[in-house]
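Take a look at the structure below.
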Amino acid sequence: MKHSIFLILSTAILLLSACSSNNSSLAKQLVAPAPGATLPEERIAAIGVTSGSAEKDEMSPAALDDRDNSDPLPISQKIIKNGILRFSTSDFDACRNRVADTVKKYGGYIANESQTNTSMEWRNELEIKVPSATFDKCMEALAGGATRVDEKSMTSTDVTAEYVDLDARMKARMAVEQRYLQILQQAKKVEEILAVEAQLKSIREEIESAKGRLQYMDHHVAYSGIHLTYYQTFANTEPQAPGFFKRSWLSFAEGWNSFLSFSLGLLSAWPLLLGIVFIFIFIRRGIRKWKLKRAIAPTPTNVNL
């Protein structure tokens, strides 16, 4: 009886040791290949499936649902606002001070200003930048003190899609840049180094261009633009010279100046005038000689046979 129990235990121990040796050899073949050898695709797939399935088994069903249904981070809208405002005022200087105070009150600044003054009208054109959050209030405040509003318009341009696409392209190019930097560290030949540096230069130019465009959009999204024009009209026609006598004196002076100009023109043409005088004298003397010869010559008479 004891002998049979011993045989059964020995057999079980041998079977367990054989199974464990087979599993360890199989794991070594999958995980640790021979030096210089590459893993076949079947073995890589097997390892990937095994590790992935094990990781998936360790995760709870709730965690799997959260990972599969995870939403991307929300993207804020990128909207560029612009406005045009044109109005007349009865007090130009007071309006100028009011505009400056209003822009300062809403956190903006005047980017450009151009003023034109004539005898008929004073006009001022400004490019104003204000935060987008106060754009509407600033437009209403600027138009509130106007004598008459001639034009008021506002536009909004959504650049969210362009911004997101450009940002994604820039990040992709930055990743490629890092990859080229790694290749550059491993390059040994001069030709390889020059080729990689040429690619890096092109990629960096694209990245800098994308950054500049993104900064431009960020600034115009953060600060809206207002093209403001205000003016004060003094007269509908140009004023004439004051008084009849003043205008008469101006006419006399203009006539005298014209006479002087004509006289100076004749003096400057004296060679031509001298030639005309000589020609006139020569022709007149020729005519007198011809008349004198004609008067002296005898007149013919008719003779009857």
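Inter-label distance, ALA168 to GLU121: 5.0 nm, where each label sits 7 Å from its Cα along the C-beta direction. Within the shell defined by Cβ-Cβ distances under 15 Å, the residues around LYS211 carry a net charge of -3, with Lys and Arg each +1 and Asp and Glu each -1.
For an R0 of 45 angstrom, estimate the FRET efficiency from the Cβ-Cβ distance between SER209 and LYS188 and round to the nearest 0.05. With a Förster radius of 45 Å, E is 0.90.
At full extension, ARG294 and LYS105 could sit 57.3 nm farther apart than now, given 0.36 nm per residue minus the alpha carbon distance.
Of all lysines in the structure, the ones whose alpha carbon falls short of 23 Å from that of LYS152, not counting any fewer than 8 places away in one chain, are LYS81, LYS104, LYS105, LYS129, LYS137.
Remark: the Cα gyration tensor places the stretch 101-161 in the prolate category, a/c being 1.5 or greater and a/b exceeding b/c. Per residue, the stretch 135-188 exposes an accessible area of 67 Å² to a 1.4 Å probe, with every protein chain left in place.
How would you classify the stretch 119-226 from its alpha-carbon gyration tensor, with a ≥ b ≥ c the square roots of the eigenvalues: rounded for a/c under 1.5, else prolate if a/b is greater than b/c, otherwise oblate?
Working: a/c = 5.69, a/b = 3.25, b/c = 1.75.
Note, shape of the stretch 119-226 comes out prolate.
Rounded to 0.05, the FRET efficiency of the ASP136 and TRP256 pair, given R0 = 41 Å and the Cβ-Cβ distance, is 0.05.
Here's how it looks for SER224: its modeled amide H is under 5 Å from those of VAL130, SER132, which are all 5 or more places away or on a different chain. Indicate the gyration tensor shape class of the stretch 146-289 (rounded, prolate or oblate), computed on the Cα atoms with a ≥ b ≥ c the square roots of the eigenvalues: a/c under 1.5 is rounded; otherwise a/b larger than b/c is prolate and the rest oblate. Oblate shape, in that a/c is at least 1.5 and b/c is the bigger or equal ratio. Only protein heavy atoms count here; on that basis, with a 1.4 Å probe, ILE296 has an accessible area of about 120 Å².
Applying 0.36 nm per residue to the separation of THR160 and ASP93 and subtracting their alpha-carbon distance, the gain on full extension is 20.0 nm. Note: relative contact order over the stretch 78-206, using C-alpha pairs below 8 Å and six or more positions apart, is 32 percent. Please report, as a whole percent, how much of the solvent-accessible surface of the stretch 107-232 comes from carbon and sulfur atoms (probe radius 1.4 Å). So the carbon and sulfur contribution to the accessible surface is 51 percent.
The H on the amide N of VAL159, modeled in the peptide plane, is under 5 Å from the matching H of LYS78, ILE79, ILE80, each at least 5 residues off or on a different chain.
The values are calculated or read from the model by the stated rules, or taken from the named source; none is laboratory data. Because the structure is a prediction, the values reported are computed rather than measured. Cβ sites come from the backbone with ideal geometry, for glycine too, and all protein chains shown count toward neighbours. Heads up: the accessible areas ignore ligands, DNA and RNA and are worked out on the full protein's heavy atoms, side chains in. Shrake-Rupley method; radii C 1.70, N 1.55, O 1.52, S 1.80 Å.
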